[in-house]
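Here is the structure we will look at.
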Amino acid sequence: MIHDTPDHDSVIEIERQATKPPPMYRVLLLNDDYTPMDFVVAVLQHVFGMSREQATQVMLQVHRTGLGSCGVFTREIADTKVAQVLELAQAHQHPLQCTMEPA
């Protein structure tokens, strides 16, 4: 903000606003009885950049507990990743579901 003083010299004051980090969202895969495990691993590798080992661990978590966390992201990135998973599943005619929730 610039203020003019009586002698018309400019004084610059810098206002700093405390910014807080954006809200984060957890992306989750949901288990179903039809989507092949290998497809789930491939999706985790492709969409989330996981190694085969990491993707296998998440796939097993989904298989055993019905739900698996793929990562925590900002809202826009989480939305994009959910859409990518659903698009791949639909393109390959699998019922794989993906969702997000506040972290």
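What the table below lists for this structure:
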quantity	calculated
Debye log10 I(q)/I(0) for the chain, one point scatterer per Cα, at q = 0.11, 0.14, 0.25 Å⁻¹	-0.42, -0.55, -1.35
Label-to-label distance, nm, for residues given as Q17 and T74 (7 Å Cα→Cβ offset)	1.6 nm
Choice from T74, T56, T19 with maximal GNM fluctuation in the chain (Cα, 10 Å cutoff)	T19
Most to least accessible of E76, E13 (protein chains only, probe 1.4 Å)	E76, E13
Candidates A55, A18, A91, ranked by Gaussian network fluctuation over the chain, Cα under 10 Å, top entry	A18
Point-charge dipole on Cβ atoms (K/R +1, D/E -1) for the chain, about Cα centre, debye to 20	660 debye
Probe 1.4 Å, accessible area per residue of the chain, Å²	71 Å²
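The values are calculated or read from the model by the stated rules, or taken from the named source; none is laboratory data. Everything numeric here is computed off the predicted structure, so don't read it as measured data. Backbone-built Cβ (ideal geometry, glycine too); neighbour counts: all protein chains shown. All accessible areas refer to the heavy atoms of the entire protein, side chains included, with ligands and DNA or RNA removed. Shrake-Rupley method; radii C 1.70, N 1.55, O 1.52, S 1.80 Å.
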